[in-house]
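Down below is the structure, laid out as structure tokens.
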Amino acid sequence: MSMRIAHICLSNWYIEGLLYQENELIRQHVQAGHEVLVIASTETHGDDGKVAYTKPSEFIGPEGARVVRLPYRLWPAPLARKLRVHVGVYRQLDEFHPQAMLFHGTCGWEVATAARYARDHPEVSFYIDSHEDRYNSARSLVSREVLHKLYYRYCLGRAWPFAEKILCVSLETMDFVEQTYRVPRGKLEFFPLGGRPVAAAEYARRRGATRRELGIGDGEVLLVQSGKQTRRKNLIQALHAFRAAAPANARLKIAGTLDDDIRDEASRLIAEDSRAEFLGWRNAAELTDLLCAADVYLQPGTQSVTMQHSLCCHCAVIIDDVPSHRVYVDGNGWLINDRTPLEAALAGIADADLLQMQERSFAIASRMLDYAKLADRVLSRGPSSS
């Protein structure tokens with residue numbers, strides 16, 4: 001049955017055409033035949049992958065949904081962007097009459113506006129999702145004590161009683177929401193960042209074409225690290241470890257952007273290793289091609305949505321050993337920690353059955369991460385059936 005679904009992207013950004021959770025859930029709902037409205041801020045990415053701002057507008061996005069970008073309501077702009085107060089959110093919902101709403105992110109004033117609409121229309125299915133955790137949120141004193149523990153907690157406190165659940169992308173997110181925002185544990189549900197498992201025929205086509213394009217030989221092992229490379233992504237450490245420990249037949253491709261504080265050092269290390277190459281920013285289709293071409297996805301630092309996508313693209317993984325990652329590693333790669341440092345994991349590639357690891361990654365993705373299944377969750381009332 002077709003439904004009217006509102007995706008409210010005023011805390012987490014909506015960036016057209018990417019593979020973020022917001023895009024994928026929107027795309028899946030459109031493909032399933034639902035009428036979808038995206039209410040978004042003017043925050044987006046520029047061509048270089050960095051934060052940028054666009055003008056208020058209305059258009060059909062590449063996912064096929066109607067998108068309304070709303071202006072901020074307060075001045076000065078930097079304050080408005082932190083408080084996340086917008087013009088006309090309730091009016092947009094009232095005109096659209098959604099039957100289901102998903103508010104992306106817990107941080108900002110308008111989560112309370114969406115909750116007010118849900119309160120006024122109790123027949124509407126209303127969910128909030130959260131990506132916040134102690135690694136990526138509330139890292140400064142002012143952010144933690146003022147924004148998160150006072151302002152965002154207040155906004156979410158007005159909202160969560162009217163939501164079915166707060167859908168948390170990791171177990172650490174569940175801890176953060178419970179401890180920082182004081183939301184009862186029973187109101188929280190694990191809702192992983194997902195992906196689109198790439199079926200065998202498409203995988204083989206993408207893999208073959210991209211490996212030929214990159215000049216990767218049949219006997220070579222391709223590792224990929226991707227995303228916005230900040231210092232906390234540990235790219236510098238990865239480059240040192242790759243040069244010291246990776247098998248001679250290994251190649252490393254880095255896709256994404258380099259933060260200013262690591263750019264010079266990372267560029268030097270890449271230039272010094274003929275097996276490593278920086279590819280620059282890749283759009284969604286190009287990134288999928290690259291991950292299908294890869295044998296191993298490398299993520300030695302903080303978390304990224306690309307890790308889940310890599311499982312869908314049949315990659316074995318080398319990822320940091322944090323609680324949120326452990327559910328994704330079961331015979332399909334390495335968790336790096338004091339017992340298994342990055343160098344040991346890279347050296348282990350030489351003797352590993354990578355084909356079997358890749359098959360296990362795809363099985364995990366098909367079971368846990370398929371957006372076709374995850375998208376249905378936000379349309380139902382009550383507890384998850386999983």
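The values are calculated or read from the model by the stated rules, or taken from the named source; none is laboratory data. As the structure is a prediction and not an experimental result, all values here were calculated from the model. With ideal geometry, Cβ positions are generated from the backbone for all residues, glycine too; neighbour counts draw on all protein chains shown.
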- prompt: How about segment 375-386: which of its residues are touching a helix residue (DSSP H, G or I) at 6+ places or on another chain (Cβ under 7 Å) and assigned to a helix (DSSP H, G or I)?
  reply: Ala375
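List the strands (runs of 3 or more DSSP E) inside segment 1-57, counting only whole elements, that have at least 1 residues being on the phi < 0 side of the Ramachandran plot and in contact with a Pro (Cβ under 9 Å, 6 or more places away or on another chain). Give the steps one after another, and end with the answer.
On the way: elements: 4-9, 35-40, 43-45, 51-53.
Those strands (runs of 3 or more DSSP E) span 4-9, 35-40.
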message: Residues that are touching a residue at least 24 places away in the same chain (Cβ under 8 Å), hydrophobic (A, V, I, L, M, F, W, C) and buried (at least 21 other Cβ atoms within 10 Å of the Cβ): list the helices (runs of 4 or more DSSP H) wholly contained in segment 235-306 that include at least 2 such residues.
response: 235-245, 284-293
- prompt: With respect to Val111, is the statement that it is touching an Asp or Glu at 6+ places or on another chain (Cβ under 6 Å), assigned by TED's automatic domain parsing to the domain that holds Val177 and among the β-branched types (Val, Ile, Thr) true?
  reply: no
Subset tally (residues that are buried (at least 20 other Cβ atoms within 10 Å of the Cβ) and closer than 28 Å to Met1 by Cβ) for segment 35-60: 5
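Right, Ala112: part of a helix (DSSP H, G or I) and either in contact (Cβ under 8 Å) with a residue 40 or more places away in the chain or within 30 Å of His325 (Cβ to Cβ) (or both) or not?
Values: part of a helix (DSSP H, G or I): yes; either in contact (Cβ under 8 Å) with a residue 40 or more places away in the chain or within 30 Å of His325 (Cβ to Cβ) (or both): yes.
Considered against the rule, which asks whether it is part of a helix (DSSP H, G or I) and either in contact (Cβ under 8 Å) with a residue 40 or more places away in the chain or within 30 Å of His325 (Cβ to Cβ) (or both), Ala112 comes out as yes.
Is there a residue in segment 15-33 that is of a type in the set (Ser, Thr, Tyr), at pLDDT 90 or above and assigned by TED's automatic domain parsing to the domain that holds Cys155? Spell out how you get there, then give the answer.
So in segment 15-33, the residues of a type in the set (Ser, Thr, Tyr) come out as 20.
Still in the running and at pLDDT 90 or above: none.
No: zero hits.
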When residues of segment 102-129 are limited to those that are under 19 Å from Ser380 (Cβ atoms) and under 22 Å from the mean Cα position of the chain (by Cα), the one surrounded by the fewest Cβ atoms within 10 Å (Cβ to Cβ): Tyr127
